[in-house]
Amino acid sequence: MSPRRLGILPIALLTATLAACSAETVDADDPKASASGSAAPSGAPGGAADEGKLPLADAIKKIPVAEEKRTGYERDSFKHWVDEDDDGCPTRQEVLIDEAVTAPEQGDRCVLTGGSWLSYYDEAEVTDAKKLDIDHMVPLAEAWDSGAHDWTPERREAYANDLGAGRSLVAVTAKTNRSKADRDPAQWMPPSESATCTYLVDWTATKLRWDLTMDGAEKTALLELAEPCADSVVEYETAS
């Protein structure tokens, strides 16, 4: 069973993190498609202390720098959305159910009606699940560039459907997800300033969880953007 099903409250966690950050101051991750946070850490929850719990700046520095490799990338190399636990709900619906502020009704074949969500990228309240995208925190193309080109198809599928960490996948407005596309934080950040610390923590935790690299421009941007988030903590559990 996914940690999302074990009492984790992504929205509550998100709200706390956003509040702390503010006090200081088409899955479009395919390029073809288109101040301080002292709250509870985001990223993959439940990780053991020896696996990862670091101040944000230290966590960023832990990610190795390497040249990106886009050659051979195809979105279909990452199979999604799957129904890993055979409960009738594929990954997209699992995320929508778990991140709902107001729970939707679940019909046949896991069709969702009603409900409400908070898109933390732009602080938008959404009451129609069809207007939400499930964003891969680190886009599939970026993951490919950063190490997934060497993975097995099975590991890429696991990455694309990662319900084992609370923030690897997030429900956000289609508008912001498509604006982000496959860009890293050197090229794109959420439009809401209150999302900055949370986004940096989530991005860093995902890269560490999946042992991904980053390029030099990405690391420089992350460290500069993280300066107002001195109290933010990255907690992660490495993926098996």
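Solvent-accessible area of Lys61, probe 1.4 Å, all protein chains present, reported in Å² to the nearest ten, please.
Ignoring ligands and nucleic acids, Lys61 comes out at about 130 Å².
At 1.4 Å probe radius, can you tell me the per residue accessible area of the stretch 133-240 in Å²?
About 31 Å² of surface per residue is accessible.
Would you list Thr220, Thr71, Thr127, Thr176 from the most to the least accessible area, probe 1.4 Å?
Ranked from most to least accessible, the order is Thr71, Thr127, Thr220, Thr176.
Given just the C-alpha atoms of the stretch 95-240, how large is their convex hull per residue in cubic angstrom?
Residue-normalised Cα hull volume stands at 113 Å³.
In nm, to one decimal, how far is the Val82 label point from the Lys62 one, both placed 7 Å along Cα→Cβ?
2.7
With a 1.4 Å probe and every protein chain kept in, tell me what percent of the accessible surface of the stretch 133-222 is carbon plus sulfur.
C and S fraction of accessible area: 49 percent.
From largest accessible area down, sort Val126, Val233; use a 1.4 Å probe on the protein chains.
My answer, sorted largest first, is Val233, Val126.
For Lys175 and Asp122, calculate 0.36 nm times their separation in residues minus their Cα-Cα distance, and state this gained length in nm to one decimal.
18.1 nm
The values are calculated or read from the model by the stated rules, or taken from the named source; none is laboratory data. Because the structure is predicted, anything quoted here is derived from the model rather than measured. A quick note on method: Cβ atoms are made from the backbone with ideal geometry, for glycine too, and the neighbour counts reach across all protein chains shown. For accessibility, only protein heavy atoms count, side chains too; no ligands or nucleic acids. Shrake-Rupley method; radii C 1.70, N 1.55, O 1.52, S 1.80 Å.
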